[in-house]
Every structure is written in C-alpha cells, then in structure tokens.
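**Q** The structure under discussion is supplied below as structure tokens; questions concerning it will follow.
Each value in this text was obtained by applying a stated rule to the coordinates, not by laboratory testing. The shown structure was predicted, so the numbers you read here are calculated from the model rather than taken from an experiment. For neighbour counting, all protein chains shown are included, and Cβ atoms are generated from backbone atoms with ideal geometry for every residue, glycine included.
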Amino acid sequence: MKGFKPPETNDSPDLTPMIDVVFLLIVFFMVVAQRMSEQYVELESMAIASNSDVKESPPSRTIISIDDTPEGQKFYWGMTEIDITQVSWVVKKNPEWKVFLRVHPKVTHAVVQDVMKEIGNAGQADIIFGTWQVAG
C-alpha cells in the first residue's frame, strides 16, 4: 500500500452568506440615510399671509379659574371667588367675550367638565384653556 492520502476538501469558509448580509446592511443604511436627510429640508422663506393682523390689544375675555386647595376646589372670576353655580351668570354678563378657563393641574377632569357645562348653559362655546405651573 502506498501512503494514505486524505481526500481533497475545501476547508476555507464559504463567504457568500456573509457578503450577502453585508450587502443588505449597506443597502439598509443607504435607504435610512436618504430618509433621514429628507426630514430636514431647509426652507428658503416662509409664506406670509397678506391679510394677517396682530391686534395691539387682545379682545376682552371672561377669566374663570379653578384652584385646588386643601379645602377643595375653589372657583374664581378674575380675582373674585364664586360658586360653580355662578359660572353661567358670569359668562352671560358678556356673551361676546371668549372664556379663558385656567385650571390647576391637580383639578380632576370631572370638575372641569362641570364648569364647561355651566359655560355651555350660558350659551358660550368658545373656551380657551390654560393651566399654571406648580412650584416644586
């Protein structure tokens, strides 16, 4: 017997799948980079409405505030404390004024809904909402 000769094999790894994955990653990042650059389109100039008008003094508003105190919710018309049943009376005094409803962040939505119902009962549907920041 002549010497044993092992069969010839190709022991080098097959790189085809790895090349496919790298190619797909390159395509993926090229598409993502294109989409990202589309999000940040620079605007040369913004169109300005020819009939826009900034009023020197805003129209009068009925300001109603709801505050959350340890004793419960308190309602104010301007600086005057009122009862929730007086809200519709206050709004009816100046029906052409918008209502600015300021609400403490801890007041529940159910209370705000009750006040909105009173405002609606007074015939007003134009309400501007606002809140204030609580320190701490």
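**Q** Could you tally the net charge around D67, taking each other residue with its Cβ under 11 Å from the Cβ of D67, Lys/Arg +1 and Asp/Glu -1?
**A** Working: positive: K74, R102, K106; negative: D68, E71, E81.
Taking every other residue near D67 into account, the sum is 0.
**Q** Arranged from highest to lowest average of other beta-carbon atoms within 10 Å per residue, in what order do the peptides 25-32, 6-13 appear? Walk me through the numbers on the way to the answer.
**A** Values: 25-32: 10.0, 6-13: 5.8.
Going from most to least packed, we get 25-32, 6-13.
**Q** Between W89 and T69, what length comes free when the chain is fully extended (0.36 nm per residue of separation minus the Cα-Cα distance, one decimal in nm)? Walk me through the numbers before you get to the answer.
**A** Details: separation 20, 0.36 × 20 = 7.20 nm, distance 2.37 nm.
Stretched out fully, the W89 to T69 stretch lengthens by 4.8 nm.
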